[in-house]
Amino acid sequence: MATIETSESAVVTLTERAADKIKSLMSQEPAGEAEVLRVAIQGGGCSGFEYALGFDRGATEGDHETQLHGVKLVVDPFSAPYLRGATIDYLETIQESGFKIENPNAVSSCGCGYSFQVAEGEELPEGTQVGGCGSGC
C-alpha cells in the first residue's frame, strides 16, 4: 500500500507551472498509461545520482503518494530520502526550457542539472557506477 501524504508532508512538491506542463503532457498519453508522475533517483550521471521523471499507471507498494495542483505524484521508498524537500519547477526561457529540480539534499550537481551528489557518507546503491550524463558536461 502507498503512503498517502498531504501537500505539507509531501516528499517532493511541484510548482503550479510544472503541474500545468505535466497535465498537458499527461493528456497526450494513451488512457490509463499516465495516471501519476513518478519521481525517482537512480545511480549514474557524472555526479553520482540522476533524476528520473516519468509517467506511470499508479502507485505501487511502499510508494509515497500525494496530489499537488491536480497532479498525482509518487516517489518510491528508496528515492524518498534523497528527494525529501525537493521542488520541481518548469522553466521556459529564450535560452532553455524544461523541468528543474531544486533539491536541498544535493551538495553538488553537474552543469546540466541532471545529476547530483549527496553529502559525504551517503553511499550509492550496490552496482551503481558513476559515468557521464551524456549532455556534454
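The values are calculated or read from the model by the stated rules, or taken from the named source; none is laboratory data. Predicted model only: the values in this text are computed from it and were never measured. No Cβ is skipped: glycine too gets one built from the backbone with ideal geometry, and neighbour counts run over all protein chains shown. Quick note on the areas: whole protein, heavy atoms, side chains included, nothing else; ligands and nucleic acids left out. Shrake-Rupley method; radii C 1.70, N 1.55, O 1.52, S 1.80 Å.
Annotations
- Count of region 78-103 residues which are over 23 Å from Gln28 (Cβ atoms) and under 13 Å from the mean Cα position of the chain (by Cα): 12
- Lone unmet requirement of (1) modelled with pLDDT under 90; (2) aliphatic (A, V, I, L, M); (3) over 17 Å from Val12 (Cβ atoms) for Ala34: (1)
- Number of positions in region 65-87 that are outside any helix (DSSP H, G or I), among the aliphatic types (A, V, I, L, M) and within 12 Å of Arg38 (Cα to Cα): 4
- In region 10-25, the residues that are part of a helix (DSSP H, G or I) and surrounded by 17 or more Cβ atoms within 10 Å (Cβ to Cβ): Ala18, Ala19, Lys21, Ile22
- Only listed residue being farther than 19 Å from Glu16 by Cα, at pLDDT 90 or above and in a strand (DSSP E or B), chosen from Ala40, Ala59: Ala40
- Take the conditions (1) open to solvent by 30 Å² or more (accessible area, probe 1.4 Å); (2) at pLDDT below 90; Glu65 misses just one of them, which is (2).
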